[in-house]
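The values are calculated or read from the model by the stated rules, or taken from the named source; none is laboratory data. Please read all numbers here as calculations on a predicted model, not as lab measurements. Cβ: placed from backbone, ideal geometry, glycine included. Neighbour counts: every protein chain shown. Areas reflect the complete protein model, heavy atoms only, side chains present, ligands, DNA and RNA absent. Shrake-Rupley method; radii C 1.70, N 1.55, O 1.52, S 1.80 Å.
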Amino acid sequence: IGIFTAYQLRITALGYTSNEETKWLNISDAVNDGVVFAVRDHEDAPHETIQVIEKEDQTDDARPRRPISHLRHVPNMYDRGPWLNL
C-alpha cells in the first residue's frame, strides 16, 4: 500500500493521473523524436497549438511552426503546481 500511495502522490504532484501517465510518456517520446511543434494556423494567428507532425508530413505542412524541444514546453492544463495538485 505504501508503494501505491507514493506512486499516486508522485504523479499527482506532477500534474497528471494514472490514466494520463501513458499519454504523457507517448508525448515525451514524440518530443524526443522531433515531431512535436507549436503551430499557428497562419502568420497572424494569436495562439499556437501543440501538434504532432510526422516527419513524412513536415515538408508538406507550410504553417508557421516552432519545434518543441522538451516536454516542459507542452502545456498541461491540469498542472497547478505540486502543492495545489495535491
For the range 24-71, what is the Kirkwood estimate of the hydrodynamic radius, computed as the reciprocal of the mean inverse distance between distinct Cα atoms, to one decimal in Å? 11.0
Taking amide H positions as placed 1.01 Å from N in the peptide plane, with prolines and chain starts having none, which residues 5 or more places from ILE68, or on another chain, fall under 5 Å of its amide H? VAL36, PHE37, ALA38
First select every other residue whose beta carbon is under 13 angstrom from the beta carbon of VAL52; then total the charges, Lys and Arg +1, Asp and Glu -1. -3
Using the alpha-carbon centroid of each, what span in Å lies between the range 4-20 and the range 22-51? 24
Return one number: the angle in degrees, 0 to 90 and rounded to the nearest 10, between the long axis of the Cα atoms of helix 18-33 and the longest principal axis of the Cα atoms of the chain. 40
Charge tally for neighbours of THR12 with beta carbon under 13 Å away, counting Lys, Arg as +1 and Asp, Glu as -1, is -1
Per residue solvent-accessible surface (Å²) - the chain, probe of 1.4 Å: 75
How far, in nm, would the chain grow between HIS47 and ASN26 when pulled straight, counting 0.36 nm per residue and subtracting the alpha carbon separation? 5.2 nm
Springs between alpha-carbon pairs under 10 angstrom, Gaussian network model over the chain: which of ASN32, ASN19, ASN76 fluctuates most? ASN19
Can you send over the carbon and sulfur percentage of the accessible area for the range 28-75, probe radius 1.4 Å, protein chains only? 47
Full extension from ASP79 to ARG66: what is 0.36 nm times the residue separation minus their Cα-Cα distance, to one decimal in nm? 2.4 nm
Between GLU56 and SER18, what length comes free when the chain is fully extended (0.36 nm per residue of separation minus the Cα-Cα distance, one decimal in nm)? 10.5 nm
